[in-house]
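Okay, so here's the structure we're looking at.
The values are calculated or read from the model by the stated rules, or taken from the named source; none is laboratory data. Just so it is clear, the model here is predicted, and its values are computed rather than measured. Positions of Cβ are backbone-derived with ideal geometry, glycine not excepted, and every protein chain shown enters the neighbour counts. In case anyone asks, the SASA skips ligands and DNA or RNA and just uses the protein heavy atoms, side chains included. Shrake-Rupley method; radii C 1.70, N 1.55, O 1.52, S 1.80 Å.
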Amino acid sequence: MEWETVIGLEIHVQLSTQSKIFSGASTAFGAAPNTQACAVDLAMPGTLPVANEEAFRFAVMFGLAMNAEIGKRSVFERKNYFYPDLPKGYQTTQLQEPIVGPGVIEVELAGGQTKSVRLHHAHLEEDAGKSLHEDYQGMSGIDLNRAGTPLIEIVSEPDMRSAEEAVAYLKKIHSIITYLGISDGEMSQGSMRCDANVSVRLKGDEKLGTRCEIKNINSFKFVEKAINIEAERQIDLIEDGGKVTQETRLFDAEKSETRPMRSKEVANDYRYFPCPDLLPVVLDDEYIEAIRGTLPELPDAKRDRFVNEYGLSKYDAAVLTSERITADYFESVAKASGEAKLAANWVMVDLAAFLNKSETSMTDCPVAAEQLAGLIKRIKDGTISGKIAKQVFEAMTRGDGDADTIIEKQGLKQVSDTGAIEKMVDDVLANNQAQVDNYKNADENKRPKMLGFFVGQIMKTSKGQANPQAVNEILLKKLSEQ
Amino acid sequence: MHTKTIAELISGLRNKDFSSSELTQHFLDRIAAKDERYNSYISVTRDIALAQAQAADERLATGDAPPLCGVPIAHKDIFCTQGVRTSCGSKMLDNFIAPYDATIVDNYQRAGAVMLGKTNMDEFAMGSSNETSYYGPVKNPWNINCVPGGSSGGSAAAVAALLAPGATASDTGGSIRQPAALCGLTGIKPTYGRVSRYGMIAFASSLDQAGVLTRSAEDAAIMLNVMASFDDKDSTCVDQPLEDYTAGLTDDLTGLTVGVPDEYFGEGLNPKTAEVVQAAIKTYESLGATIKPISLPHTHLAVPAYYVIAPAECSANLSRFDGVRYGHRCEDPKDLADMYKRSRGEGFGDEVKRRILVGTYALSAGYYDAYYNKAQQVRRLIKQDFVDAFADVDVILGPTSPNPTFEFGSKGDDPVAMYLEDIYTIATNLAGLPGLSIPCGLVDGKPVGLQLIGNYFAEGKLLNVAHQFQQATDFHQQLPPETA
């Protein structure tokens with residue numbers, strides 16, 4: 001039997017507005033508990049919400065970037081349930097008339113394929129506070145700093161068929177929101193959170209299987225892992241004659257498992273109804289078009305421009321543009337060095353490897369774009385070889401300064417002086433008469449391979465600084481003269 | 001001093017006949033001496049009142065003080081008052097000291113008014129007799145065996161018993177107008193959105209509106225001038241230009257068209273009440289008004305629609321009272337569910353629980369369309385009735401309440417009988433229109449209220465129509481026998 005996994009994602013994104021969605025309190029992360037919660041956030045009796053225009057603007061930006069319909073009339077509703085970190089006893093959210101309607105985006109998969117994922121809708125809502133269960137001697141603490149932070153919940157159609165597709169989609173959303181600057185997208189801080197609806201069915205079946213909602217997946221890596229684990233669990237269950245029950249499950253990264261949560265609350269009746277404290281919000285075309293005019297260049301457009309302007313492959317351009325900060329970095333390097341292809345290679349290969357290995361984010365990248373451009377210029381003008389360049393780059397990552405300084409200081413300048421190289425070649429040949437004889441006696445077609453020995457010896461003598469091209473030329477000339 | 005109207009007190013203060021401190025002390029003494037009988041106050045804010053009075057006297061001395069400066073008033077205990085217990089008539093908030101002032105409380109403070117205290121009310125404003133208060137029932141000064149009406153019964157009794165010259169109140173389905181009628185007062189519920197709801201503890205958000213209870217239309221105009229404002233902290237507040245409600249009080253009523261809905265004089269209306277109201281209609285005719293019979297065909301649906309919408313909204317509005325952050329929390333909760341259940345079980349009274357349950361039911365999956373949606377459709381029809389009517393008439397007139405005041409416990413355990421006491425006032429809230437009640441006579445020694453309903457933001461017109469009636473009659477000057 002061949003199984004197919006069906007995935008839909010619900011992504012919560014905290015909007016980086018100055019103040020909360022319904023109050024004037026600050027939304028900054030990391031303040032002391034309950035210092036950023038005003039009377040409205042605490043749901044003091046008699047307080048009323050006032051919608052934050054900036055949150056609407058951000059949501060409209062997102063909708064436009066997703067090629068989605070914009071809800072010209074959107075309505076907040078109350079979702080009723082009791083929980084200590086939900087001060088009003090209801091969450092103010094949108095249901096029937098959300099701010100962003102259906103849309104579709106193209107997602108790039110590894111291997112250059114693309115995939116369309118449909119957006120069901122995205123709505124504005126308020127975040128809850130946090131319950132803290134440690135450090136209170138068996139009691140719970142409540143921090144309401146986060147209560148009322150604006151969120152957009154982005155709900156996809158169940159269009160993804162593998163964990164890889166789901167991650168690619170999630171990354172695309174991450175890329176869009178950070179390009180737009182409407183969220184910092186930091187999954188580790190909870191600025192972007194993801195729930196995955198996962199079901200399985202036999203390949204070819206039209207009917208969807210029973211789905212489980214997996215919560216608490218707070219990194220790209222875990223999204224992939226959680227989906228794969230859950231799909232496997234469901235397949236095993238069905239193959240063993242069992243049935244999947246619709247439920248909410250928690251992903252436990254340490255134990256590499258998903259397990260049921262809140263079974264009591266699954267049957268919750270949220271009793272949605274329009275919030276009488278907030279009037280429907282009506283947006284006119286002028287407002288929407290004005291926002292459209294402020295949109296930055298988005299990942300897809302930037303990718304296409306990189307292909308046209310810098311002659312990059314579509315895949316390379318897509319990789320470079322998936323994060324705005326990387327795209328901007330590349331573009332600075334390309335412009336400053338005048339060598340777009342080399343720039344692309346260095347950013348995607350050497351720099352990426354370094355960041356990955358050192359677990360450094362692009363934001364904290366120790367090599368400035370101008371520095372990398374300087375390095376590329378020295379490769380291009382023959383001052384250093386590609387191999388030496390890697391050495392210089394490594395020094396740069398340690399903060400040793402720009403390329404010229406490092407090259408100078410460490411004496412890494414490539415030797416292109418013909419006289420000096422001739423001297424080295426003569427020495428090597430003189431000291432390795434046996435190899436020279438072998439070479440001369442060998443067949444013509446075996447000779448290039450044997451040449452490697454002499455090149456290696458010369459490079460060793462020159463500490464890698466001899467210009468390889470010059471070495472080759474002189475070596476061939478000298479050998480033929482022997 | 002206590003028999004004077006607010007208008008008279010204002011000129012007395014300006015003429016230096018008495019100071020605000022003397023006036024305030026006088027009312028505080030009266031409350032101390034007499035309120036045990038009426039139970040109209042939950043809290044008397046003596047120290048605050050005297051400090052505010054002193055400040056008012058200083059302001060008055062400069063000769064540049066706003067009209068209400070130095071006049072003592074009472075606030076319904078539904079309005080948050082910073083540093084003062086704000087109980088909403090409930091055990092749930094018996095320990096709640098509000099950390100901020102409601103916008104209207106702030107408005108009065110800035111106008112120099114003096115707060116005597118916080119008045120009793122039906123718990124969370126749910127009731128028509130003031131019998132649901134955690135602080136015990138309020139007695140009607142006209143007959144202490146009878147109810148003052150509700151939910152603003154404390155404000156009404158305090159003003160009727162001359163324990164405050166005027167009081168703030170709130171009206172979700174008649175909670176200002178019905179107590180005004182039962183206590184012989186003038187009470188106005190403005191257009192929804194005219195007055196800020198910020199800091200007024202919510203019962204049913206789409207229906208709640210603050211207003212005032214006074215002893216004359218002129219006093220109501222003076223008080224409303226201060227209460228009305230645009231407030232950006234309340235998204236449902238309407239940015240409508242403010243007007244001076246005293247400016248048009250004396251306008252002539254010649255040419256005024258008064259609509260009298262058939263439906264307000266049908267079955268259920270006490271015949272003696274009907275008689276008194278008919279006499280009031282004659283008075284208007286004599287003042288030059290044209291009486292025009294009209295129909296508000298969906299009137300009979302107002303009570304059922306209201307008792308779906310109001311409980312639905314209250315079921316969510318009262319969820320915040322969970323024992324977590326403020327208010328009543330049960331002793332030694334064994335877990336979270338236990339804390340919720342016992343805190344709410346102990347903190348809320350029966351009528352509040354009934355409405356939370358009704359509202360929760362009406363919003364439940366499978367019932368939402370049949371109840372909540374249907375009620376909202378009915379609400380639109382009721383509103384349309386009024387829109388159609390106001391195409392032909394300037395104001396609508398009828399009884400405020402089908403009966404005069406009744407004895408405590410006489411509605412027994414029949415909530416529907418109680419709900420029907422609001423049958424003429426509820427539609428106004430559903431439509432968001434302004435409504436006013438003025439005294440128009442007595443039945444068996446009990447006051448009868450005449451209700452006037454105006455078009456949106458026609459508070460000035462309503463007060464004018466009420467004032468002219470009061471110029472021609474003296475019903476509003478009659479005092480409860482034992483206070484006279």
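Here are the numbers for the structure shown:
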read-out: Theoretical ellipticity at 222 nm over chain B - DSSP helices of four or more residues, -39500 (n - 2.57) apiece, nearest 500; value: -11500 deg cm²/dmol
read-out: The stretch A:3-290 - Debye-derived log10 I(q)/I(0), Cα point model, q = 0.07, 0.10 Å⁻¹; value: -0.27, -0.56
read-out: B:D474-B:D444 pseudo-label distance in nm [points 7 Å out on the Cα-to-Cβ vector]; value: 2.6
read-out: Amide N of the stretch A:360-374 lying under 20 Å from the label point, which is placed 7 angstrom from the Cα of A:T405 along Cα→Cβ; value: A:364-374
read-out: Built amide H within the under 5 Å cut-off of B:K292, gap 5+; value: B:V258, B:G259, B:V260
read-out: The stretch A:419-453 and the stretch B:298-371: distance between their alpha carbon centers, rounded to Å; value: 95
read-out: Computed E for A:K478/A:S116 - FRET, C-beta separation, R0 51 angstrom, nearest 0.05; value: 0.25
read-out: In Hz, Karplus ³J(HN,Hα) per residue of the stretch B:198-210 (6.51, -1.76, 1.60; θ = phi - 60°; x = Gly, Pro); value: 5, x, 9, 4, 6, 9, 10, 4, 7, 10, 4, 8, 7
read-out: Derived scalar couplings ³J(HN,Hα) [the stretch B:379-385; Karplus, 6.51 cos²θ - 1.76 cosθ + 1.60; whole Hz; x for Gly, Pro]; value: 4, 5, 5, 5, 4, 5, 3
read-out: Entries in A:K72/B:K233; B:K189/B:K383; A:K172/A:K341; B:K118/B:K272; A:K79/A:K243; A:K72/A:K314 that, when Cα-Cα distance is taken, lie over 27 Å; value: B:K118/B:K272; A:K79/A:K243; A:K72/A:K314
read-out: Relative compactness, the stretch A:299-410, computed as alpha-carbon Rg over 2.2 N^0.38 Å; value: 1.02
read-out: Area projected by the alpha carbon convex hull of the protein assembly as shown, averaged over all directions, nm²; value: 53.7
read-out: Whole-Hz ³J(HN,Hα) from phi, Karplus 6.51 cos²θ - 1.76 cosθ + 1.60, for the stretch B:176-192, glycine and proline x; value: 9, 6, 5, x, 4, 4, 6, 10, x, 10, 9, x, 10, 9, x, 4, 4
read-out: Label-to-label distance, nm, for residues given as B:K353 and A:S140 (7 Å Cα→Cβ offset); value: 2.4
read-out: Dipole moment magnitude, nearest 20 debye, the protein assembly as shown about Cα centre, only Lys, Arg, Asp, Glu C-beta charged; value: 1340
read-out: Charge dipole of the stretch A:418-481 about the Cα centre (unit charges at C-beta), most positive-ward option of A:T461, A:V436, A:S480; value: A:T461
read-out: Cα centre as origin, Lys/Arg/Asp/Glu Cβ charges: the stretch A:418-481 dipole, Debye; value: 200
read-out: For the stretch A:3-290, with +1 on Lys and Arg beta carbons and -1 on Asp and Glu, the positive-most of A:Y272, A:A55, A:P158 along the dipole; value: A:Y272
read-out: Segment B:A337-B:I291, length gained on full extension (0.36 nm per residue, minus Cα span); value: 10.6 nm
read-out: Per DSSP, loop chymotrypsin sites (Phe, Trp or Tyr not before Pro) in the stretch A:71-160 with at most 11 further Cβ within 10 Å; value: A:Y136
read-out: Estimated FRET transfer efficiency (A:T245, A:D205; beta-carbon r; R0 30 Å; 0.05); value: 0.95
read-out: Neighbour cut-off at most 15 other Cβ (10 Å), DSSP loop, GluC sites (Glu not before Pro), the stretch A:405-482; value: none
read-out: Estimated [θ] at 222 nm from DSSP helical runs (n ≥ 4, -39500 (n - 2.57)) normalised by residues in chain A, nearest 500; value: -12000 deg cm²/dmol
read-out: Burial of 40 Å² or greater, the stretch A:11-50 residues [accessible area, probe 1.4 Å, versus chain by itself]; value: A:M44, A:P45, A:G46, A:L48, A:V50
read-out: Candidate lysines - alpha carbon under 18 Å from A:K460, same-chain residues fewer than 8 apart omitted; value: A:K387, A:K390, A:K413, A:K423, A:K449
read-out: Sparse-neighbourhood loop sites, GluC sites (Glu not before Pro) in the stretch B:262-310 - DSSP loop, at most 11 other Cβ within 10 angstrom; value: B:E267
read-out: Amide H partners (placed H, <5 Å) of B:C330, local residues excluded; value: B:S343
read-out: Whole-number percent relative contact order across the stretch B:237-340, with pairs defined as alpha carbons under 8 Å at least 6 apart; value: 26
read-out: Stokes-Einstein D for chain A, Kirkwood Rh over Cα pairs, 4 °C, 1.567 mPa s (µm²/s); value: 49
read-out: Point-to-point label distance, A:S332-A:T294, nm (Cα→Cβ direction, 7 Å offset); value: 2.5
read-out: Extended-chain gain in nm, criterion 0.36 nm per residue less alpha-carbon gap, A:E157 and A:A31; value: 41.7 nm
read-out: Relative contact order, percent, chain A [alpha-carbon distance under 8 Å, six or more residues apart]; value: 14
read-out: Cross-link reach list, aspartates and glutamates versus A:K302, counting only Cα pairs under 13 Å and skipping chain neighbours closer than eight places; value: A:D316, A:E323, A:D328, A:E331
read-out: Accessible area buried, both sides summed, chains A and B with 1.4 Å probe, Å²; value: 2700
read-out: About the Cα centre, charge dipole magnitude for the stretch A:44-108 (Lys/Arg +1, Asp/Glu -1 at Cβ), debye; value: 340
read-out: Stretch gain in nm, segment B:E58-B:E482, where the contour uses 0.36 nm per residue and the Cα spacing is subtracted; value: 149.1 nm
read-out: Furthest towards positive pole of dipole, A:A147, A:T92, A:I214, structure part the protein assembly as shown, Cβ charges; value: A:I214
read-out: Nearest-0.05 FRET efficiency for A:K390 and A:S358, computed from C-beta distance (R0 25 Å); value: 0.95
